[in-house]
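Since every read-out is calculated from the coordinates, none of them should be taken as a lab result. Quantities reported herein were computed from a predicted structural model and do not represent experimental measurements. Cβ placement follows ideal geometry from the backbone for every residue including glycine, while neighbour counts extend to all protein chains displayed.
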Amino acid sequence: MTPLVELRNVSKIFERGFIRKVRVHAVRNVNLTIDKGEILAVVGESGCGKTTLGKLIAGLIKPTKGEVLWLGKNIWRMKRGEFKKYRPLVQLIHQDPYASLNPARTVLQILGDPIRYYGLAKSKREVREKVIELLRYVGLTPPEYFLNKYPHHLSGGMKQRLAVARALIPKPMLIVADEPISMIDMSLRLSLLDLLKRLHKELGIAFVYISHELASTRYFAHDGKTAIMYLGTIVEYGPTEQLIKNPVHPYLRAILSAMPVPDPEIARRRKVLELKSLELPSPIKLPPGCPFETRCPFSRSICKEKMPELRPIEEDHYVACHIAEELPEWRPPWEE
Amino acid sequence: MSEENPILRVRDLVVEYAVREGVIRANDHVSLDVAKGLVNALVGESGSGKTTLVDAVMGTLPPNGYIRKGEIYFKDKNILKLNPEERRKIRWEKIAMVFQAAQNSLNPVMRVAEHFIDTVLAHKSMSKDEILRKAEELLKLVRLDPEQVLNAFPHELSGGMKQRVIIALSLMLDPELLILDEPTSALDVMTQHYLIRTLKEVHEKKGITMLLVTHDLPVVAEIADRVAIMYCAKIVEVGDVRKIFYEPLHPYTHGLIHSIPSIIGDLSKMRPIPGEPPSLLNPPPGCRFHPRCPYATEKCKKMEPPLVEVEKGRLVACFRYA
């Protein structure tokens, strides 16, 4: 089966500076596929290139090297008409619902305009009916109450639901959600993730879920796959639950062991994998070997010399580490 | 937090803001004890009034905010009755505060050493050598290399390092209480972990009382001794950290703890709290949690449950318990 999206050796380099050019390697040589109706989570710390990767997947920025394929076709070689058909099939949900909605438009306008644009309703009444149906579907009820509200009348959680409703209008096949819950209240986070899960289940929409932490990733991408990013490369990739139960890469082990857990006893007794250094190397001057070598407690001489490639370690589970087989056995730090 | 010897006692505090749409009551008869020598956590979502409470203590309310009623005692002094100069002295010498996103509060054109000198000289007369010697000691305590850091400009340091500098800076005048507002938000997992560890070490070595204001329950589980939960301008539950996490009493606390995604535990037991937090402009009558509460009765819709002590050191505002 042709995957929905495929990235082949994709790199993105940003150039900064006018007199002396500085090259920032945001994404380096990434290969991945997303099947129809699949969930892929991309996890990494700030500056690892996860947002850039999301934009590459969504076809918003052009890769410096490599190809991005949509149903087998290179999106940057598509004819104008083809691209126009592809474009609405990928939608984005941004981190900041306060910035992604026009403050001068009402809810009815925010949702009604794209409905008209895509020719999905003929009369005013029909637009209104469609908007009401959408609001009800994303849990903004009673819908009539919301129609004439402006974004500033809504809480962060409601705004994010509105952004979800808007993303649904062109009937997308893929939604790229970049940290969708990081700016909303904690008691509302799970219900927003439940809403996104429902879109996945009921409408068969594929998701790329971008996050800086593994807890919400586990909740949302439980049945899907996760890619761990570090300094622009994927260092580990596989089914989400397997990565959390049986992490291999020392970076993934470190962040798993340091994740705060909502349990006082476990939080106090677990042992965190100590790193050699806290500081991340600059993406301008990358180390020649393994990008994690400067912080890895297990590093050896080969790690300084050669960049490890992402390779299978068991079925469906890939790791970019020279010494993956020789690492000590993983014992969850929260187990006694 | 009814400890034998609270260092800070807030009594029946009412704080309001005048806004175009009317009056927002952000602290509605709030009483809270901060236990001496412990790590106290004040937990609430945005708009629950936790930052207002801290602003009232520090005297940093915005111009449209005012204290309508109540007392705030630091040890035995009602600090609301002090004159501005006395208040200022308490503010940085006895109670220090690390603000949210504090890493951005360093002056970009001043070297780190100058920040230490300026801060101390604003309150005390001390020689520069003495100040720098003390700064070195504190920077070591927060695990920074004093030589490297003191001569650096803020932009030369990472976010996590700046956060540590601010904590060292806040300890320069030997405060008795350190208030930290969302110290871990916007930090990466590893940076956050090392910061929590630093705070633990500072607490152990200096015996300083801490008040951590946060929405991040996993961080609370890791560091706090005592926890107070705030919802919609009111304190709804207070207790020891283990009691709060293992035997939450208030339905809101219970809902909150079960709505946090985690890398451990059973996914099927995680479930969201239904509904939305109410607006402070128009809070629901009776118990403010009743529209979202699975146990709400007619009484809850009409009467406000008082915060009562149900066992020693354990307070809850819910009709199921009183």
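Numbers at a glance
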{"quantity": "Anchor B:Lys200: lysines whose Cα lies under 19 Å away (excluding residues fewer than 8 positions away in-chain)", "calculated": "A:Lys271, B:Lys36, B:Lys140, B:Lys162"}
{"quantity": "Amide H within-cut-off set for B:Asn27, under 5 Å, with H built and near neighbours excluded", "calculated": "B:Val15"}
{"quantity": "Table column - 3J(HN,Hα) (Hz), the stretch B:65-76, Karplus curve with 6.51, -1.76, 1.60, x for Gly and Pro", "calculated": "x, 8, 8, 8, 6, x, 10, 10, 9, 9, 6, 10"}
{"quantity": "Degrees between helix B:128-141 axis and first principal axis of chain B (Cα, 0 to 90, nearest 10)", "calculated": "50"}
{"quantity": "Distant-in-sequence amide H partners of A:Thr64 (H built 1.01 Å from N, under 5 Å)", "calculated": "A:Ser11, A:Lys12, A:Ile13"}
{"quantity": "Separation in nanometres of the label points that stand 7 Å from Cα toward Cβ, at B:Met110 and A:Glu314", "calculated": "5.5"}
{"quantity": "Fraction of beta bridges assigned by DSSP in the protein assembly as shown that are antiparallel (%, nearest 5)", "calculated": "60"}
{"quantity": "Residue-averaged 222 nm ellipticity for chain B, from DSSP H runs of 4+ at -39500 (n - 2.57), nearest 500", "calculated": "-9000 deg cm²/dmol"}
{"quantity": "Neighbour net charge for A:Lys201 - beta-carbon separation under 11 angstrom, K R +1, D E -1", "calculated": "-1"}
{"quantity": "Cα gyration tensor, the stretch A:214-267 - rounded (a/c under 1.5), prolate or oblate", "calculated": "oblate"}
{"quantity": "FRET efficiency, 1/(1 + (r/R0)^6) with R0 56 Å, evaluated for B:Tyr321 and B:Glu156 via beta carbons", "calculated": "0.55"}
{"quantity": "Cut-off 11 Å between beta-carbons: net charge of the residues surrounding B:Tyr321, Lys and Arg +1, Asp and Glu -1", "calculated": "-1"}
{"quantity": "Cα-based shape type of the protein assembly as shown, given that a ≥ b ≥ c are square roots of the gyration tensor eigenvalues and the cut on a/c is 1.5", "calculated": "oblate"}
{"quantity": "Efficiency of FRET between B:Lys69 and A:Lys171 - r from beta-carbon atoms, R0 41 angstrom, step 0.05", "calculated": "0.15"}
{"quantity": "Across A:Lys55/A:Lys122; A:Lys55/A:Lys225; A:Lys65/A:Lys245; A:Lys62/A:Lys159; A:Lys124/A:Lys201; A:Lys276/A:Lys304, pairs whose alpha-carbon gap is larger than 23 Å", "calculated": "A:Lys55/A:Lys122; A:Lys65/A:Lys245; A:Lys62/A:Lys159; A:Lys124/A:Lys201"}
{"quantity": "Residue (of A:Cys303, A:Met259, A:Val138) at the positive-pole extreme of chain A, dipole from beta-carbon charges", "calculated": "A:Val138"}
{"quantity": "Among B:Tyr17, A:Asn246, B:Pro146 the positive-end extreme of the charge dipole of the protein assembly as shown (Cβ point charges)", "calculated": "B:Tyr17"}
{"quantity": "Given charges at beta-carbon only (K, R positive; D, E negative), |dipole| of chain B in Debye", "calculated": "640"}
{"quantity": "Acute angle (nearest 10 degrees) that the helix A:156-168 long axis makes with the longest principal axis of chain A, alpha-carbon atoms", "calculated": "80"}
{"quantity": "Prolate/oblate/rounded label for chain B (Cα gyration tensor, a/c 1.5)", "calculated": "prolate"}
{"quantity": "In order through the stretch A:237-244: 3J(HN,Hα) via Karplus (6.51 cos²θ - 1.76 cosθ + 1.60), integer Hz, x for Gly, Pro", "calculated": "8, x, x, 3, 5, 5, 4, 6"}
{"quantity": "Long-range amide H partners of B:Leu212 with built H, under 5 Å", "calculated": "B:Asn40, B:Ala41, B:Leu42, B:Leu180"}
{"quantity": "Antiparallel content of DSSP bridges confined to chain A, in %, to 5", "calculated": "60"}
{"quantity": "Cβ-derived FRET efficiency at R0 25 Å, A:Lys271 paired with B:Glu311, nearest 0.05", "calculated": "0.15"}
{"quantity": "DSSP bridge orientation in the stretch B:162-283 - percent antiparallel, rounded to nearest 5", "calculated": "55"}
{"quantity": "A:Arg136 paired with B:Lys124, simple spin-label distance in nm, labels 7 Å along Cα-to-beta-carbon", "calculated": "6.8"}
{"quantity": "Residue-count net charge about A:Lys276 - beta-carbon cut-off 11 Å; Lys, Arg +1, Asp, Glu -1", "calculated": "-2"}
{"quantity": "On Cα atoms only, tilt of A:124-137 relative to the major axis of chain A in degrees", "calculated": "40"}
{"quantity": "Karplus (6.51, -1.76, 1.60) ³J(HN,Hα), θ = phi - 60°, over the stretch A:182-190, in Hz, Gly and Pro reported as x", "calculated": "5, 10, 10, 4, 5, 6, 9, 5, 4"}
